[in-house]
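The values are calculated or read from the model by the stated rules, or taken from the named source; none is laboratory data. Bear in mind that the values here come from a model prediction, so they are computed numbers and not experimental data. As a convention, Cβ positions derive from the backbone with ideal geometry for all residues, glycine included, and neighbour counts pool all protein chains shown.
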Amino acid sequence: MTKFYTKKTVSVVLTTALFFPIMVFLSGCKETHTPDNIEGDIEIINFQQSECIPGIDNLFKDEITFVSQDSLLHVELGKIMMNCCLEGIDYEISKDNENIIINITQMMMYNAGCNCVCPYDLNFDIANLAFGTYIVQIQIIGFQKYNNVTLNYDSNTNQTNPLIRN
C-alpha cells in the first residue's frame with residue numbers, strides 16, 4: 001500500500017531535517033569566560049587562612065605572590081601580622097580602573113583580652129579579573145596598611161613581591 005503525504009507534512013519534515021542539525025551545532029557553541037572576556041565584578045573565592053605561625057623569625061617577611069591559574073588569579077599573602085586572638089577574617093575586594101583594593105578585617109574573639117600579634121598566611125583566588133596592569137592595595141582594617149604593589153596580570157603571571165608596611 002502506498003502512502004501519500006500532504007504538502008504540509010512534507011514541509012514540516014524538510015524543515016525539521018534542515019534546521020535540526022543547525023540547532024544542534026549552535027547549542028554546542030558556548031561563550032567561554034577567559035580573562036580577556038570578563039563579565040561581572042571581580043570577587044574573592046576559595047579564601048583560606050592559616051593558624052597563627054609561631055616563631056619570632058617569621059615576623060618581618062610579609063610578601064604577596066600572584067600566580068595565573070586557568071581563568072583565576074591565585075594570591076598568597078605570607079606572614080601577614082594580625083591579632084593572635086582572631087575568631088575569623090572577613091574580606092572584600094573592589095576594582096576602580098587599574099586599582100584593586102583588598103580589605104581584610106579581623107574578627108576578634110569577645111572577652112579574649114588578647115594584646116598580641118602573630119603572622120598568618122592567607123590564600124585566595126580572584127575571579128573575573130581581565131588581563132592587564134594593576135596597582136594592588138592590601139589593607140588590614142584597623143591594624144596596618146601596606147604600600148601598593150604593581151601587578152602585571154597575564155596567562156603567565158608568577159610574581160612575588162615583598163609587602164612593605166607604611
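Considering (1) touching a residue at least 40 places away in the same chain (Cβ under 8 Å); (2) closer than 29 Å to residue 40 by Cβ; (3) in contact with a Lys or Arg (Cβ under 6 Å, 6 or more places away or on another chain), say which one residue 62 fails and leave the rest.
Status for residue 62: all satisfied but (2).
Let me confirm something: among 141, 100, 93, 126, which residue is modelled with pLDDT under 90 and among the aliphatic types (A, V, I, L, M)?
Values: 100 fails: modelled with pLDDT under 90; 93 fails: modelled with pLDDT under 90; 126 fails: modelled with pLDDT under 90.
Checking each option against the conditions leaves just 141.
Just to be sure, is residue 109 loosely packed, with under 14 Cβ neighbours inside 10 Å and either modelled with pLDDT of 85 or more or farther than 18 Å from residue 44 by Cβ (or both)?
So residue 109 passes the test.
Quick check: is even one residue across the stretch 71-85 loosely packed, with under 15 Cβ neighbours inside 10 Å and part of a strand (DSSP E or B)?
No.
Give me the pairs: first residue in the stretch 120-139 and closer than 17 Å to residue 81 by Cα, second residue in a loop (DSSP other than H, G, I, E, B) and at pLDDT below 95, beta-carbon distance under 6 Å, and six or more apart or on different chains, which are they?
Matching pairs, first to second residue: 120/50; 121/50; 137/148.
Going by the structure shown, is residue 95 under 14 Å from residue 44 (Cβ atoms), of a type in the set (Lys, Arg) and in contact (Cβ under 8 Å) with a residue 24 or more places away in the chain?
yes
In contact with a Leu (Cβ under 7 Å, 6 or more places away or on another chain) and over 23 Å from residue 90 (Cβ atoms), is that true of residue 153?
Yes; evaluated as a whole, the condition is true for this residue.
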